[in-house]
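Since the structure comes first, as structure tokens, the remarks are kept for the end.
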Amino acid sequence: YSTNIYAQSLEEAVATALDSHPDIRQSFARFKSKEEDVNRASSGYFPTIDLTAGYGYEYTDTPGYRRNAVEGDDGKTELSRGEFGISIRQVLFDGMFTSNEVDRTKFEASAEKWTLIANAEDIALEVSKAYLNFIKTTELIKLSEKNIASHQEIYEQIKERTDSGLGSIADLSQVTGRLARAQSNMVSARNNYRDARTQFIRLTNTQPENLVLPVPDAEMLPKDSSSGLNLAIKHHPVIKSAKQDINAARSFKSAVKSSYYPKLSLELAANADNDIAGESGINSQGTDVGGHRNDATAMLRLRYNFYSGGKDVANERSAAYKVSEA
């Protein structure tokens with residue numbers, strides 16, 4: 001459709017702004033980042049698997065080897081060291097740290113979601129204001145043009161009467177002032193029009209062409225100010241975001257307390273090394289039994305920190321202040 005017959009509705013202007021406005025994209029990126037934080041926190045429920053491997057040069061010179069050195073041997077050893085190991089660690093109990101971290105990140109993601117919605121509503125409101133303001137300033141220019149034309153006509157009539165001696169100088173002076181005021185109003189109206197146009201373009205990144213006056217749906221409006229206030233308190237996204245921030249702060253406080261509990265984990269490990277610690281597998285008589293050493297372990301490990309320099313207490317107090325802040 002050509003621009004002279006295509007009308008841009010308020011809904012289309014709002015949709016265009018929401019699709020392209022950098023503040024909305026920034027809020028959306030923050031929300032998606034918080035969602036990934038939930039995935040990061042959930043990883044605490046799963047095992048960690050580590051693989052290590054290495055190959056290189058090893059030089060060994062120890063008292064034990066020097067004592068056991070045979071004639072002609074100085075006890076120093078040079079070997080090509082090889083290492084390979086794999087370990088699996090599954091946390092069985094961490095003082096509810098992981099569950100509280102998952103809850104915290106979920107609440108933070110929810111808070112960012114409501115912040116995104118709030119920002120979108122704010123942008124929609126700004127676009128609506130700019131849309132209506134552009135229509136208003138356009139109409140004001142039309143009225144100013146008619147006003148100038150009307151005053152110009154009156155001015156010419158009174159001037160003609162004054163020039164013919166039928167009118168007074170006072171009437172001519174008065175109508176001249178009114179004409180000048182009408183022209184000044186036109187300058188002001190054009191400036192307001194340019195400002196409104198610039199604001200519309202800034203918000204939507206489109207030209208305001210063929211805008212149509214929107215018709216509000218009266219059924220969607222609150223019946224009175226009291227019901228409107230209650231509706232806002234119940235459904236406003238900023239308030240919902242604040243509530244989720246409070247829940248996130250409380251979950252963070254619970255996660256901090258996990259430091260007071262022991263950590264229990266199941267750890268499985270296996271290593272296959274060759275020619276390490278100066279042992280090649282060849283004894284003094286020349287017999288070669290192989291330089292490899294293999295081991296495997298399956299352990300339940302308990303770790304309990306008794307003192308950390310007051311860090312845990314400080315973290316707990318900090319978390320309490322964060323709850324108060326939220």
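Below are the figures for this structure:
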quantity	calculated
Only one of Val187, Val238 that is surrounded by 14 or more Cβ atoms within 10 Å (Cβ to Cβ) and not in a loop (DSSP other than H, G, I, E, B)	Val238
Residue that is least open to solvent (accessible area, probe 1.4 Å) [pool: residues in the stretch 43-85 that are part of a strand (DSSP E or B) and either at pLDDT below 75 or more than 22 Å from Asn274 (Cβ to Cβ) (or both)]	Thr48
Residues of the stretch 124-138 satisfying the condition of being in contact (Cβ under 8 Å) with a residue 12 or more places away in the chain, under 17 Å from His21 (Cβ atoms) and either open to solvent by less than 20 Å² (accessible area, probe 1.4 Å) or not aliphatic (A, V, I, L, M) (or both)	Glu126, Val127, Ser128, Ala130, Tyr131
Some residue of the stretch 211-221 being assigned to a helix (DSSP H, G or I), under 35 Å from the mean Cα position of the chain (by Cα) and modelled with pLDDT of 85 or more	no
Hits in the stretch 142-199 (condition: touching a Phe, Trp or Tyr at 6+ places or on another chain (Cβ under 9 Å) and within 30 Å of Leu125 (Cα to Cα))	Tyr193, Ala196, Arg197, Gln199
Test for Ser110: is it hydroxyl-bearing (Ser, Thr, Tyr) and either more than 30 Å from Met299 (Cα to Cα) or open to solvent by less than 30 Å² (accessible area, probe 1.4 Å) (or both)	yes
Residues (β-branched (Val, Ile, Thr) and either farther than 29 Å from Leu51 by Cα or open to solvent by 40 Å² or more (accessible area, probe 1.4 Å) (or both)) located in the stretch 248-279	Val256
Counted residues, the stretch 162-186 - those being farther than 15 Å from Ala149 by Cβ and out of contact with any Ser or Thr (no Cβ under 9 Å at 6 or more places or on another chain)	11
Test: residue in the stretch 168-175 that is in a helix (DSSP H, G or I), of a type in the set (Val, Ile, Thr) and at pLDDT below 90	yes
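The values are calculated or read from the model by the stated rules, or taken from the named source; none is laboratory data. The structure presented is a predicted model; accordingly, all values stated were derived computationally and were not measured. Glycine gets a Cβ as well: all are built from the backbone with ideal geometry, and neighbour counts include every protein chain shown. Just so you know, the surface numbers come from the protein's heavy atoms only, side chains and all, with ligands and any DNA or RNA stripped out. Shrake-Rupley method; radii C 1.70, N 1.55, O 1.52, S 1.80 Å.
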